[in-house]
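Structure first, commentary second.
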Amino acid sequence: MHEFNAGEFFDQHETLELLWRATPDEIRHLYEGILQIGVGMHHLLKKRNFHGAAVKLDHGIRLLEAFPPVCHGVDIGRLRSDATAARKRLLELGPQNLDQFERELIPRVHLMGEA
């Protein structure tokens, strides 16, 4: 989660993909959901790809809907909420105004017990 929270979204993709593909049970979709949100942010912040950002954020949010608000020590409820707010703002801005996306809206992965 360090890579995700550091904004290293490409690197977090590589790391989480290894976990996602190696995990045989349903928890793999937790990794995939976080991964997809990170990929969405990579599309938004690095590639300036409106469509890719919107689609990946939506996919990640939907995958995380299958999990309780706290799962394996991760505050999934907060991540879903933050990713939803980021996607809403992305859609408000539209493809021509991606440079106006507020950095404070970038979702982070919070572990329970963190501020």
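Brief remarks follow.
- By the count of other C-beta atoms within 10 Å, a proxy for reagent exposure, Met1, Met41 are ordered fewest to most as Met1, Met41.
- Helical contribution to [θ] at 222 nm, DSSP H n ≥ 4, -39,500 (n - 2.57), averaged over the chain, rounded to 500: -18500 deg cm²/dmol
- Segment 22-64: trypsin sites (Lys or Arg not before Pro) in DSSP coil with no more than 13 other Cβ atoms inside 10 Å: Arg48
- Positive dipole terminus of segment 2-105, leading residue within Met41, Gly52, Ala83 (C-beta point charges): Gly52
- Charge dipole of segment 2-105 (Cα centre as origin; +1 on each Lys and Arg Cβ, -1 on each Asp and Glu Cβ, all else neutral): 320 debye, rounded to the nearest 20.
- Three-way shape label, segment 29-73, alpha-carbon gyration tensor, a/c 1.5: prolate
- Whether the chain is rounded, prolate or oblate, judged on the alpha carbon gyration tensor where a/c under 1.5 counts as rounded: prolate
- With at most 14 other Cβ atoms within 10 Å, longest stretch of the chain clear of loop GluC sites (Glu not before Pro) (DSSP): 27-64
- GNM top mover of Thr15, Thr23, Thr84 - the chain, alpha-carbon springs below 10 Å: Thr23
- Likely footprinting exposure, Asp99, Asp82, fewest C-beta neighbours within 10 Å first: Asp99, Asp82
- GNM on the chain, alpha-carbon springs under 10 angstrom: the most fluctuating residue among Gln36, Gln12, Gln100 is Gln100.
Taken together, the values in this text are just the output of simple stated rules run on the coordinates, not laboratory data. Source: prediction; values computed, not measured. Cβ coordinates were reconstructed from backbone atoms using ideal geometry, including for glycine residues, and neighbour counts include every protein chain displayed.
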